[in-house]
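Beneath this line is the structure, given in structure tokens, with notes to follow.
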């Protein structure tokens, strides 16, 4: 059987299968290797060696990685898978088909196996995930982690070898190498359940295998087979897995790794570097790009010194990174990779940076012609494919924490540690964002996000979200000052001014109120407060302002003309005083206060039209010109203590009581103010009494 037997139909299938993949990404796990060895196998310091033990690229392993669930199962915290604690539940080797059938038997038990009925044969990625590139005996190490009965031999995966479909892939649990064996051969089985979800530290991707073959290599329906093509567990590949970055690098959206687009650049770029041609190797030719393991590491140093394709962090991929480039459906990975943007992918062995800890003078390689993974002497010659990881980055974004409505546009600035441009998004709040200028449009909380989506060399930066508290702007609304003539009504709209408005905002109206003293008859020249309140906006919103209201002043003005009341006297000027309010507005009344002298009483008043006397106040008629108010005063008769012009019997009796000393003496009877009432004074009272 030749290697090209199934290539064409498989590649045709692959061209159509990507359309069903959904967007996702995984973090490849570390290989577990922490030590370094030189080309001769001697242990060396990892510093500056470019080996897997130095870079330790990938997701770190949880500690502990394996957890005993107490029900004869073990959880792998790195991948999220659950394994049978017994690594050899069948207690015997089986053919590939027998292994698949045995899993069905376990699941068909009434209680399932260990309480579950969804056990399956692990796919090639799941089975390989148990390997550690630091351990010399995987079986012994796995038993030390809590498993039991791990066999240092071949374990079946649920994947067929797409190139030789009568074969299936096996992982050997002594060193961890991957090979395909005839399905009729023998191997151990190890049940697994669950799915490697993106929540795991290093979730596993799908293998890419979607077809199923029987033991003889014939394509069959996947339903009920228990093969990987049926279960297809793992994280789906992104719809566009490989992206040409336009700089002769290609990014794998599944893993985030960045590969040289040329998978064998040495022959064309650096032909003199290939000094390792071995004529004895029939598969080699001069200047073919195949070099020893140490020279492969040295070549990466050269590329970094020369900033190959603009970068200086290239490295030799570790074992897991190289293995991630295999599509287990393709059967011939090199051709598949060339279809997706790479060039010069050799269908042969590629060096990894991972040494074989059991044979430290050997290093791991991946065969891009079949998917075979094994180790070989470091002195042998294989191909070199540079890889680099996308770098992480962060965004520094510190807009002002507070602003005031009406402030000028805020220029948003941020910097990414990658020096790539940062973009801004208005998440919420009263603002407008354009051309990196944030314009506040109202009071409230504005939320802005700064983002850097990444590039060929950088992962997207975590978004940075900031809030800006926008306070109200102070607005002063002041009532206008006004004047009005004495006697007129107060102005309905004395006017106002609004200071501090933003843009096109405008106050349309306010409510005015006058001090209580601002009556129609308030004195000319007096001033009174004009209060203003309740601003109503014609445009804009009052909620954006903190409003201060200031009062205005109303001044009472003299009318255009006056009629002045003339001099006021009390008859011949005897008996009292007259005081009138002047000036008097033409056509209006005025008042005069009439005050009798001691011993006199007010009898009446007249003048300035038909006025009215009320008590001691005389109100004129409407004044139309100069006029005089006259008052009549009369002497108060002895004993007329209430000054009503007559001595009553009650007043006569009071006078007698004062004379007899029975009551306090009053001035109206004690005419000489002697402090007592004599017979003469009493006689005068009697004379004034009616009828006498």
Checklist entry - If you check residue 315 against the conditions, is it within 19 Å of residue 123 (Cα to Cα) and under 48 Å from the mean Cα position of the chain (by Cα)? => result no
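This table checks each residue for (1) assigned to a loop (DSSP other than H, G, I, E, B); (2) under 39 Å from the mean Cα position of the chain (by Cα).
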residue	(1), (2)
438	no, yes
449	no, yes
465	no, yes
476	no, yes
489	yes, no
502	yes, yes
511	no, no
516	yes, no
Quick count over the range 290-322, residues being touching a helix residue (DSSP H, G or I) at 6+ places or on another chain (Cβ under 8 Å), within 23 Å of residue 371 (Cβ to Cβ) and not in a loop (DSSP other than H, G, I, E, B), is 3
Within the range 324-343, restricting to residues that are surrounded by fewer than 21 Cβ atoms within 10 Å (Cβ to Cβ) and touching a helix residue (DSSP H, G or I) at 6+ places or on another chain (Cβ under 8 Å), the one that is nearest to residue 384 (Cα to Cα) is 335
Exercise. Would you confirm whether any residue within the range 639-650 is surrounded by fewer than 20 Cβ atoms within 10 Å (Cβ to Cβ) and on the phi > 0 side of the Ramachandran plot?
Key: yes
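Determine whether residue 174 is on the phi < 0 side of the Ramachandran plot and touching a helix residue (DSSP H, G or I) at 6+ places or on another chain (Cβ under 7 Å). Steps first, answer last, please.
Working: on the phi < 0 side of the Ramachandran plot: yes; touching a helix residue (DSSP H, G or I) at 6+ places or on another chain (Cβ under 7 Å): yes.
Taking the combined requirement at face value, the residue satisfies it.
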Across (1) within 23 Å of residue 319 (Cβ to Cβ); (2) modelled with pLDDT of 95 or more; (3) in a loop (DSSP other than H, G, I, E, B), residue 210 clears everything bar (1)
Checking 435, 419 in turn, the sole residue that is free of Cβ contacts under 8 Å to residues at least 12 places away in the same chain, surrounded by fewer than 16 Cβ atoms within 10 Å (Cβ to Cβ) and within 30 Å of residue 57 (Cα to Cα) turns out to be 419
Exactly one of 100, 142 is buried (at least 21 other Cβ atoms within 10 Å of the Cβ) and under 47 Å from the mean Cα position of the chain (by Cα), and that one is 142
message = Residues that are touching a residue at least 60 places away in the same chain (Cβ under 8 Å), farther than 25 Å from residue 376 by Cβ and in contact with a helix residue (DSSP H, G or I) (Cβ under 6 Å, 6 or more places away or on another chain): does the range 258-278 have at least one?
response = no
The lone condition residue 46 fails out of (1) under 20 Å from residue 318 (Cβ atoms); (2) in contact (Cβ under 8 Å) with a residue 40 or more places away in the chain is (2)
In the range 49-85, anything touching a helix residue (DSSP H, G or I) at 6+ places or on another chain (Cβ under 9 Å), part of a loop (DSSP other than H, G, I, E, B) and at pLDDT 95 or above is listed as 49, 50, 51, 79, 81
Report yes if residue 461 is under 27 Å from residue 559 (Cβ atoms) and in a loop (DSSP other than H, G, I, E, B), otherwise no.
no
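Does residue 108 count as buried (at least 17 other Cβ atoms within 10 Å of the Cβ) and either assigned by TED's automatic domain parsing to the domain that holds residue 196 or under 18 Å from residue 142 (Cβ atoms) (or both)? Reasoning before the result, please.
Working: buried (at least 17 other Cβ atoms within 10 Å of the Cβ): no; either assigned by TED's automatic domain parsing to the domain that holds residue 196 or under 18 Å from residue 142 (Cβ atoms) (or both): yes.
Against the criterion (buried (at least 17 other Cβ atoms within 10 Å of the Cβ) and either assigned by TED's automatic domain parsing to the domain that holds residue 196 or under 18 Å from residue 142 (Cβ atoms) (or both)), residue 108 does not qualify.
Only residues that are without any contact (Cβ under 8 Å) to a residue 24 or more places away in the chain and surrounded by fewer than 16 Cβ atoms within 10 Å (Cβ to Cβ): list them for the range 299-311, please. Working first, answer last.
Here is the first cut: in the range 299-311, the residues without any contact (Cβ under 8 Å) to a residue 24 or more places away in the chain are 304-307.
Passing the criteria: 305, 306, 307.
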Among the residues of the range 161-178, the number that are surrounded by fewer than 24 Cβ atoms within 10 Å (Cβ to Cβ) and under 16 Å from residue 100 (Cα atoms) is 2
Within the range 660-692, residues farther than 15 Å from residue 637 by Cα and not in a loop (DSSP other than H, G, I, E, B) come out as 679
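Just wondering, is there one or more residues in the range 323-339 that are touching a strand residue (DSSP E or B) at 6+ places or on another chain (Cβ under 6 Å), more than 17 Å from residue 36 (Cβ to Cβ), assigned to a helix (DSSP H, G or I) and at pLDDT 95 or above? Step through it out loud before you land on a result.
Taking the range 323-339 as the starting set, the residues that turn out to be touching a strand residue (DSSP E or B) at 6+ places or on another chain (Cβ under 6 Å) are 323, 328.
Cutting the leftovers down to more than 17 Å from residue 36 (Cβ to Cβ) gives us 323, 328.
Keeping just the survivors that are assigned to a helix (DSSP H, G or I) gives 323.
Adding the requirement that they be at pLDDT 95 or above leaves 323.
There is at least one residue in the range 323-339 that is touching a strand residue (DSSP E or B) at 6+ places or on another chain (Cβ under 6 Å), more than 17 Å from residue 36 (Cβ to Cβ), assigned to a helix (DSSP H, G or I) and at pLDDT 95 or above.
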Output for Cβ contacts, cut-off 6 Å, separation at least six or different chains, first residue within 13 Å of residue 550 (Cα to Cα) in the range 486-497, second at pLDDT below 95 and not in a loop (DSSP other than H, G, I, E, B), reads none
Residue 679 fails exactly one of (1) touching a residue at least 12 places away in the same chain (Cβ under 8 Å); (2) farther than 30 Å from residue 607 by Cβ; (3) surrounded by 13 or more Cβ atoms within 10 Å (Cβ to Cβ), namely (3)
Subset of the range 86-101, residues touching a strand residue (DSSP E or B) at 6+ places or on another chain (Cβ under 6 Å) and either over 16 Å from residue 139 (Cα atoms) or not in a loop (DSSP other than H, G, I, E, B) (or both), comes to 86, 96, 99
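Return the only residue of 489, 506, 531, 522 being surrounded by fewer than 13 Cβ atoms within 10 Å (Cβ to Cβ) and within 16 Å of residue 555 (Cα to Cα).
The match here is 489.
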Of (1) in contact with a helix residue (DSSP H, G or I) (Cβ under 6 Å, 6 or more places away or on another chain); (2) buried (at least 22 other Cβ atoms within 10 Å of the Cβ), residue 355 fails just (1)
message = Residue under question is residue 24, and the condition is that it be modelled with pLDDT under 90, in a loop (DSSP other than H, G, I, E, B) and closer than 28 Å to residue 253 by Cα; does it hold?
response = yes
If we ask which residues in the range 426-436 are within 13 Å of residue 404 (Cα to Cα) and either modelled with pLDDT under 95 or not in a strand (DSSP E or B) (or both), their number turns out to be 1
For the range 268-285, does any single residue satisfy the condition of being in a loop (DSSP other than H, G, I, E, B), in the same structural domain as residue 103 (by TED's automatic domain parsing) and loosely packed, with under 15 Cβ neighbours inside 10 Å?
no
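The values are calculated or read from the model by the stated rules, or taken from the named source; none is laboratory data. It should be emphasised that the depicted structure is a prediction, and the values quoted were computed from it without experimental measurement. Neighbour counts are summed over all protein chains in view; Cβ atoms, including those assigned to glycine, are modelled from backbone coordinates with ideal geometry.
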